[in-house]
Amino acid sequence: MSDHREGGCACGQVRYRLATDPLFVHYCHCLNCQRQTGSAFVINILIEAERVRLVAGSPVPVDVPRDDGSFQRIFRCPTCQVAVWTQYSRPQVSFVRAGTLDTPAAVSPDVHILRPLQASLGLAASVRSRLRCLLRHEGALAARELRAAPGSAFRAPITEHHLSDPPGTAAHPDSRSTR
């Protein structure tokens, strides 16, 4: 990502540069993020706040309530109101919105944060069951990867499974390895 570290709002009044590569990139599918973005998920670049350098303009902080009673501070362009980054309980870390990068395709997720989706998506019981299997499987894989590579806690690889893979196949999350 090192060649693609600049971004800004839609109107160009707020511009920033990331001084280093991010700690990690996550896609968050929680209800708070869905509500804040009006989308199925948000793509955040987590980086130390002091490494986000303003090149032009100054975003306006807006405190927004969350479902748990806490607040998150969203920094928005004062003109076009685009959310450029967010800070949660630790102001030392900024969650830069990947869509505000000049080259958003330069980042890819290190992790997906998934929450119970039954109520928000109205998934059929069989799909919910398969999704739970997938989440358990991904969690086990991530834990194994982290134990195997203690120095790379923020870069655990993601594997992909399709909910349509039938049980008993190598691609299905419930398939047990004989290793």
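I need the full set of residues from region 81-113 which are hydrophobic (A, V, I, L, M, F, W, C) and surrounded by fewer than 13 Cβ atoms within 10 Å (Cβ to Cβ), in order please. Explain how you work it out, then say what you get.
In the first step, residues of region 81-113 are kept if they are hydrophobic (A, V, I, L, M, F, W, C); the result is 82-85, 93, 95-96, 98, 101, 105-107, 111, 113.
Matches in region 81-113: ALA105 only.
Looking at (1) at pLDDT below 90; (2) in the same structural domain as CYS30 (by TED's automatic domain parsing), which one does LEU131 not meet, given that it meets all the others?
The number of the failed condition is (2).
Out of curiosity, is SER70 surrounded by fewer than 19 Cβ atoms within 10 Å (Cβ to Cβ) and free of Cβ contacts under 8 Å to residues at least 60 places away in the same chain?
Details: surrounded by fewer than 19 Cβ atoms within 10 Å (Cβ to Cβ): yes; free of Cβ contacts under 8 Å to residues at least 60 places away in the same chain: yes.
Considered against the rule, which asks whether it is surrounded by fewer than 19 Cβ atoms within 10 Å (Cβ to Cβ) and free of Cβ contacts under 8 Å to residues at least 60 places away in the same chain, SER70 comes out as yes.
Could you grab me the full set of residues in region 81-94 that are under 11 Å from GLY8 (Cα atoms) and out of contact with any Pro (no Cβ under 8 Å at 6 or more places or on another chain)? I'd like the intermediate steps shown before the answer.
Let us first name the residues in region 81-94 that are under 11 Å from GLY8 (Cα atoms), namely 82-85.
Result: VAL82, ALA83.
For region 62-89, enumerate the residues that are of a type in the set (A, V, I, L, M) and in a strand (DSSP E or B). I'd like the intermediate steps shown before the answer.
Just the residues of region 62-89 that are of a type in the set (A, V, I, L, M), to begin with: 62, 64, 74, 82-84.
The answer is VAL62, VAL64, ILE74, ALA83, VAL84.
Go through region 42-53 residue by residue and tally those that are more than 14 Å from THR86 (Cβ to Cβ), surrounded by 14 or more Cβ atoms within 10 Å (Cβ to Cβ) and out of contact with any Leu (no Cβ under 7 Å at 6 or more places or on another chain). Steps first, please.
Of region 42-53, the ones more than 14 Å from THR86 (Cβ to Cβ) are 48, 50-51, 53.
Subsequent filtering for residues that are surrounded by 14 or more Cβ atoms within 10 Å (Cβ to Cβ) retains 48, 51.
Checking which are out of contact with any Leu (no Cβ under 7 Å at 6 or more places or on another chain) leaves us with 48.
Going through region 42-53 one residue at a time, the tally reaches 1.
Could you check region 29-41 and list, in sequence order, the residues that are touching a Phe, Trp or Tyr at 6+ places or on another chain (Cβ under 6 Å) and buried (at least 18 other Cβ atoms within 10 Å of the Cβ)?
Scanning region 29-41 gives a single hit, HIS29.
Given the residues ARG76, ARG66, which is the only one that is among the charged types (D, E, K, R) and either within 19 Å of ALA19 (Cβ to Cβ) or at pLDDT below 95 (or both)?
On the way: ARG76 fails: either within 19 Å of ALA19 (Cβ to Cβ) or at pLDDT below 95 (or both).
Unique residue meeting the criteria: ARG66.
Could you go through region 30-40 and let me know if any residue there is in a strand (DSSP E or B) and either among the small types (Gly, Ala, Ser) or at pLDDT below 95 (or both).
Restricting attention to region 30-40, the residues satisfying the condition of being in a strand (DSSP E or B) are none.
No, that holds for no residue.
What about CYS33, is it of a type in the set (A, V, I, L, M, F, W, C) and out of contact with any strand residue (DSSP E or B) (no Cβ under 9 Å at 6 or more places or on another chain)? Break it down stepwise before answering.
Details: of a type in the set (A, V, I, L, M, F, W, C): yes; out of contact with any strand residue (DSSP E or B) (no Cβ under 9 Å at 6 or more places or on another chain): no.
The answer is no for CYS33.
The values are calculated or read from the model by the stated rules, or taken from the named source; none is laboratory data. These numbers come from a predicted model, not from an experiment. Methodologically, a virtual Cβ is constructed for each residue, glycine included, from the backbone with ideal geometry; neighbour enumeration extends over all protein chains shown.
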